[in-house]
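Here the structure is laid out as structure tokens; the discussion comes afterwards.
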Amino acid sequence: MSILIKGGRVLDPGRLVGTADVLVDNGKIAAVGPNLSAPVGGRTLQANGKLVMAGFVDLHVHFREPGFEYKETIQSGSAAAVAGGFTTVCCMPNTNPVNDNQAVTEFMLERSRLAGLANVLPIGAITKGSEGKELAEIGDLRRSGCVAISDDGKPVMNSLVMRRAMEYALAFDLAVVDHCEDLHLAEGGCMNEGLISTELGLPGIPAAAEDVMVARNLSLSELTGARLHLAHISTAGSVRMVREAKARGIPVTAEACPHHFMLTEELVRGYNTHAKMNPPLRTWADVQAIKEGLRDGTIDVIATDHAPHATQEKQQDFTEAPFGIVGLETALPLTLGLVEEGVLSLEQAVQKLTSAPATAFGLNKGTLAVGADADVVIVDQHEQWEVDPTKFRSKSRNTPFAGWKVKGRVNVTIVGGRVVFETGVAEP
Amino acid sequence: MSLKRKDLLSLTTLSADEITLILETADSFKEVTGRDIKKVPALRGKTVVNLFFEPSTRTRTSFELAAKRLSADVINFSPSASSVVKGETLLDTARNIEAMQADIIVLRHSSAGAAETLAHGVKSSVINAGDGWHEHPTQALLDLYTIRQRGMNFQGLRVAIVGDVSHSRVARSNIYALVKLGAEVRLVGPPTMMPCGVEKLGAKVYYNMDEGLRDVNVVMMLRLQLERQGRALFPTIREYSRLYGLTADRVRIADTGVIVMHPGPINRGVEIAPEVADSLSSVILDQVANGVAVRMGILYLMSGAN
């Protein structure tokens, strides 16, 4: 079946920015241009005044299946993804069992096929059981469909193991993704270390816990030549080091999450467990540095670190509650907030949600080029709405943005030429 | 006069006037604890629940005595680790207690913020009896009472708090209250035991104990958690004791009328020499005795019984 998207403002950074029609046929982008004619028997969507973009690519989600289906499943996570405009999501391997082998990868891909919503691409573990000791069967993971490797949440502390993983990944041209945290420095911490952690009596995680691992990983990338992708950087130090490393040609990409450019550690006051994530919310100066990094291209990618947790888990006291918040259904308006603020141009913002993440992992996604997979979103940039977690498609409700009045809403999401999400779009 | 607040969670939010009110109320109950029959009917028909998730003998007993001397019904509830394993949250436990018409819940918990979380979730009054490293407001109030009992004026008073400030709720509550009342607060200990940015709370940090003790009127020793030795906070108990232990020689560096305090339990020969703990300048047992009167005052003011 074919779909004609008429009259929208097409934003395909680096290729086309302007009013055009987009024709989708047979699961692919068939044509982009002015005055395309409606296909026979196809569907026409009016997109006047709307943005038409490649579907967003999120390099960092946790879909919790297998093992923690009470938090999220590949089905519910995919539904949340497409509602937020994400057509491709990369799932971290910290499931139970850990995605460190072909069987788990294939299970995830099968679940994704059954869900039939987003493209769910697994990220394999770096080490067996993400224990940081022995390498997982990275070749096998790649062959079964993993698009990158990471021990997210349980960073590889042994630098020799990390070096070997990076070297080994070269054989498969896989990006090595690291959650940069020195577990010794961070031990027991549950918020940013600073005056507020002192006042609240909460154990702190110093910025240095992230910085020392960023420095190590950049050194190892320089040593090995491996493609390094830094997950959710949150400190001014990280931004500074990545900027310097890029200037010297080290093959590194970096991502930032909306909460790290929208919120500061102040939000923890009152022991708000929805302000507990890892890396923790940092200071105002860090937030400014993240924004500057996004603006000048040091930070390539906006990712969500969508981390669903059940209500009762977040109702525990602050030190006990798990780290993380959901993000797929709020990322778009928060990113558009940076455009409103003048930090990013609209084109830059879209790039960080589409082509830049696709490039970081070498995915054939994130573009509206003719012949590309027909993953498309239609967005009303100006629609205002209030974040209401009870309306989330995700199974979990753990967001610090509840009640926020935001701007920018997904109207239609198309994956592989099929409409998988829509809300009130005009058809002539 | 009464405290116009439902809960006592922290000394940051208490005004100097409110602190004074608590100390003055404690005065009248101090008289009761000296009587032959140490009981008044002020809280008859009220229920006080001591909800202690962390082992504590001193604080729990002190609250229990205080409530009993006010004629309240007192329940001691110490949930074992097993009820946490069963998935009951702190709030669930507290709501169960509230359903039994508890008027005041006294909470001790290992997590910072537990009392605040609880106070938002229940209608009963909540008194924080220690939450993680955060605060221990009733301990600080009884410390203030003890200082005041010695005829000392807080304005300009020099107080040294010595030891592991980082992990101490007693230190935090005392810093907040003493700074608010106009005292000069000195924190003495190794840099590994000073929390980030603590000077911004209005205290001055000294790594050298002899300098920190010069001319102070009050020395508050903190208990050294001996199990922290393996955590790289200090090399050995021997070295810690040599650098930061309160000896008779060091007491002489302080003002001649100095008083020595300790929230207990003390490690004799570690942070405090036995002859100092047992000396005339030591008010450690006065603190314990005053604890009951101060907590009677707090329970009375919180109960709205006046």
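The values are calculated or read from the model by the stated rules, or taken from the named source; none is laboratory data. What you are looking at is a predicted structure, and each value in this text was computed from that prediction instead of being measured. Counting neighbours? That spans all protein chains shown, and the Cβs are built from the backbone with ideal geometry, glycine included.
Here A:Val212, A:Val239 are screened, and the one residue that is in contact (Cβ under 8 Å) with a residue 60 or more places away in the chain and either buried (at least 20 other Cβ atoms within 10 Å of the Cβ) or assigned to a helix (DSSP H, G or I) (or both) is A:Val239. A:Lys276 meets all of the listed conditions (1) buried (at least 20 other Cβ atoms within 10 Å of the Cβ); (2) farther than 22 Å from A:Gly194 by Cβ but one, namely (2).
In this structure, A:Val98 does not qualify as within 30 Å of A:Glu167 (Cβ to Cβ) and under 15 Å from the mean Cα position of the chain (by Cα). Examine region B:205-219 for a residue that is within 25 Å of B:Gly130 (Cα to Cα), touching a helix residue (DSSP H, G or I) at 6+ places or on another chain (Cβ under 8 Å), modelled with pLDDT of 95 or more and surrounded by fewer than 21 Cβ atoms within 10 Å (Cβ to Cβ), and state whether such a residue exists. Yes, because at least one residue in region B:205-219 is within 25 Å of B:Gly130 (Cα to Cα), touching a helix residue (DSSP H, G or I) at 6+ places or on another chain (Cβ under 8 Å), modelled with pLDDT of 95 or more and surrounded by fewer than 21 Cβ atoms within 10 Å (Cβ to Cβ). Within region A:186-204, restricting attention to residues that are more than 9 Å from chain B (Cβ to nearest Cβ) and among the aliphatic types (A, V, I, L, M), the residue that is surrounded by the fewest Cβ atoms within 10 Å (Cβ to Cβ) is A:Ala186.
With respect to being assigned to a helix (DSSP H, G or I), acidic (Asp, Glu) and in contact (Cβ under 8 Å) with a residue 24 or more places away in the chain, B:Asp164 falls outside the description. Checked against the criterion of being closer than 18 Å to A:Leu228 by Cα and in contact (Cβ under 8 Å) with a residue 12 or more places away in the chain, the candidates A:Ser144, A:Ser150 yield just one match: A:Ser150. Regarding B:Ser173, is this residue within 14 Å of chain A (Cβ to nearest Cβ), in a helix (DSSP H, G or I) and modelled with pLDDT of 95 or more? So B:Ser173 fits the description; yes. The residue that is farthest from the other protein chains (Cβ to nearest Cβ), among those in region B:90-120 that are surrounded by fewer than 24 Cβ atoms within 10 Å (Cβ to Cβ) and hydroxyl-bearing (Ser, Thr, Tyr), is B:Thr93. For region B:69-87, the count of residues that are within 14 Å of chain A (Cβ to nearest Cβ) and among the β-branched types (Val, Ile, Thr) is nonzero.
Checking the conditions here, which among B:Pro195, B:Pro235 is under 22 Å from the mean Cα position of the chain (by Cα) and not polar (S, T, N, Q)? Just a single option satisfies the conditions, and that option is B:Pro195.
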